[in-house]
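A.B. asks: Quick one: the structure is below, and I'll ask about it shortly.
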Amino acid sequence: MRHCIYPGTFDPITYGHLDVLARAAKLFDRVTVAVAENAGKAPLFTAAQRLEMIAPNVAKWPHVTVTTFSGLLVEFCLQQKADAIIRGLRALSDFEFEFNMALMNRHLEPKVETLFVMPNEQFSYTSSSLVKQVATFGGDVRHFVPPNVAVALKGAFAPGRG
Ligand code: COA
């Protein structure tokens, strides 16, 4: 049984994240999407809301589950008895951050391997922040996020909210 963790802030999840997940779902017997509670990014959505937005989009894969976590990622991986962490590399600009994170995680826990996959190039410029920025000004984000996420973004940025 090979089990991997796909961690992230997912504020919110995008089609780019789901592309990485589809690749992980093909490679592993079990995949856990781990929504970071304490990402220090002042997320727009609470961890519970982010999880709720992800759940219907992973329901088609019986071996994929979604949960939240706090604290160190490698500790969570050990708790979950996971073999690996999977992350996506959209472009060269992701490399340095991901490389440092993978090496730090390896230093903290050598048993947990980090693997990288490349999402489809159509997602190379997709990011949660850009999607939120477009949504803030009422732009159409349906190309980048699943329908339930587009609805949640519309609600979050509706006139008169926060
Ligand atoms: N498609 C679309 N966007 C993607 C993407 C993809 N395939 N891959 C990354 N991104 C974007 C996200 O949209 C997000 O954009 P934003 O910065 O504009 O919001 C950004 O890249 C990264 O977000 P995400 O993939 O959600 O993950 P993250 O980098 O925020 O996650 C954790 C970081 C949670 C994995 C990391 O902070 C962590 O492990 N925290 C726990 C504490 C810990 O152990 N720290 C030590 C680690 S060394």
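A.B. asks: Determine if region 75-87 includes at least one residue that is in contact with a Ser or Thr (Cβ under 9 Å, 6 or more places away or on another chain) and under 26 Å from Ala135 (Cβ atoms).
C.D. replies: Yes; the residues of region 75-87 include at least one that is in contact with a Ser or Thr (Cβ under 9 Å, 6 or more places away or on another chain) and under 26 Å from Ala135 (Cβ atoms).
A.B. asks: Can you find a residue that is touching a helix residue (DSSP H, G or I) at 6+ places or on another chain (Cβ under 8 Å), farther than 19 Å from Phe45 by Cα and among the basic types (Lys, Arg) anywhere in region 106-117?
C.D. replies: Yes, that holds for at least one residue.
A.B. asks: What tally of residues in region 22-35 results from selecting those that are under 20 Å from Asp11 (Cα atoms) and open to solvent by 10 Å² or more (accessible area, probe 1.4 Å)?
C.D. replies: 1
A.B. asks: I've got another one for you. Do we find a residue being open to solvent by less than 30 Å² (accessible area, probe 1.4 Å), assigned to a loop (DSSP other than H, G, I, E, B) and more than 24 Å from Ala84 (Cα to Cα) anywhere in region 129-143?
C.D. replies: yes
A.B. asks: Of all the helices (runs of 4 or more DSSP H) wholly in region 1-89, which have at least 3 residues that are over 24 Å from Phe123 (Cβ atoms)? Show your work before the answer.
C.D. replies: Working: elements: 15-27, 47-58, 73-79.
Filter on region 1-89 gives 73-79.
A.B. asks: Also, I was wondering about something else. Any idea which residue in region 36-54 is least open to solvent (accessible area, probe 1.4 Å), counting only those that are in contact (Cβ under 8 Å) with a residue 60 or more places away in the chain and more than 12 Å from the chain's Cα centre (by Cα)?
C.D. replies: Phe45
A.B. asks: Give Val74, Val58 a once-over and let me know the one that is within 23 Å of Asn105 (Cα to Cα), free of Cβ contacts under 8 Å to residues at least 60 places away in the same chain, within 15 Å of the ligand (Cβ to nearest atom) and buried (at least 18 other Cβ atoms within 10 Å of the Cβ). First the steps, then the outcome.
C.D. replies: Working: Val58 fails: within 23 Å of Asn105 (Cα to Cα).
Only one candidate qualifies: Val74.
A.B. asks: Of the numbered conditions (1) near the ligand (Cβ under 6 Å from one of its atoms); (2) farther than 14 Å from Ser128 by Cα, Thr14 fails exactly one; give the number of that condition.
C.D. replies: Result: Thr14 passes all but (2).
A.B. asks: Take the residues in region 82-108 that are more than 10 Å from the ligand (Cβ to nearest atom) and in contact with an Asp or Glu (Cβ under 8 Å, 6 or more places away or on another chain); name whichever of them is nearest to Ile13 (Cα to Cα).
C.D. replies: Filtering first and then ranking leaves Ala84.
A.B. asks: Tell me which residues, restricted to region 90-124, are within 16 Å of the chain's Cα centre (by Cα) and assigned to a strand (DSSP E or B).
C.D. replies: Correct list: Thr114, Leu115, Phe116, Val117.
A.B. asks: Report yes if some residue within region 151-162 is under 16 Å from Gly8 (Cβ atoms), hydrophobic (A, V, I, L, M, F, W, C) and within 19 Å of the chain's Cα centre (by Cα); otherwise report no.
C.D. replies: no
A.B. asks: Another one. Kindly establish whether Ala152 is in a helix (DSSP H, G or I), surrounded by 12 or more Cβ atoms within 10 Å (Cβ to Cβ) and either at pLDDT below 95 or not aromatic (Phe, Trp, Tyr) (or both).
C.D. replies: Here the answer is yes, as Ala152 does meet what is asked.
A.B. asks: Checking Tyr125 against (1) open to solvent by less than 80 Å² (accessible area, probe 1.4 Å); (2) more than 8 Å from the ligand (Cβ to nearest atom); (3) aromatic (Phe, Trp, Tyr), only one condition comes out false. Which one?
C.D. replies: (1)
The values are calculated or read from the model by the stated rules, or taken from the named source; none is laboratory data. None of these values were measured; they are calculated from a predicted model. Virtual Cβ from ideal backbone geometry, glycine too; neighbours counted across all protein chains shown. Note: areas computed on protein heavy atoms with side chains; ligands, DNA, RNA excluded. Shrake-Rupley method; radii C 1.70, N 1.55, O 1.52, S 1.80 Å.
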